[in-house]
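Worksheet: one structure, shown below.
Rule-based calculations on the coordinates, nothing more; no lab input. Fair warning: this is a prediction, and the values are worked out from it, not measured in the lab.
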Amino acid sequence: MVEGKQGLKIEKDFEFLIPPLTDEECEPFEKNIIKYGCSDPIKVWAPYDTILDGHNRFRICTRKGIKFEVMSIELETREDALNWIIENQLGRRNLTATQRSYLLGKRYLNEKKAAHRPDVSRHNDLF
């Protein structure tokens, strides 16, 4: 893990998969981070330094000058990164039925898209 890396990127398509904090959640969450620090690492897609999980923590820590750790997640493709975010979110208990259904649908579409992707290794054998 790397501590406090500031060159992290937020990709809107990734962040969109994560339900935003409600007004009731936002203030206590920020106060908790200010008081106790950032206890969970910001998870990023290596080697792109794109945030997979921890968008809110990253913004709060960056704005308040609070140290945080970064954990790199090794994933091969963009679809793998999207599916990682979806699986991570589905493992949380605070999703509404609608949010859960949306994420399951997105995962299905990503997996369907990946299943129809041509096998590049077989094409390389031709050249």
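Whole-Hz Karplus ³J(HN,Hα) for the stretch 49-54, in order, using 6.51 cos²θ - 1.76 cosθ + 1.60 and θ = phi - 60°, x for Gly and Pro?
For the stretch 49-54, the Karplus-derived couplings read 6, 9, 5, 9, 8, x Hz, x marking Gly and Pro.
Using the Cα gyration tensor of the stretch 45-97, with a ≥ b ≥ c the square roots of its eigenvalues, what is the shape: rounded (a/c below 1.5), prolate (a/b larger than b/c) or oblate (neither)?
Oblate.
Pairs to check: 35/67; 31/67; 9/43; 12/35; 43/64. Give those whose C-alpha atoms are more than 21 Å from each other in this structure.
Correct reply: 12/35.
Using only Cα atoms, figure out Rg for the stretch 2-116 and give it as a multiple of 2.2 N^0.38 Å.
Working: Rg = 14.7 Å, N = 115, 2.2 N^0.38 = 13.4 Å.
Relative to the 2.2 N^0.38 Å estimate, the stretch 2-116 comes out at 1.10.
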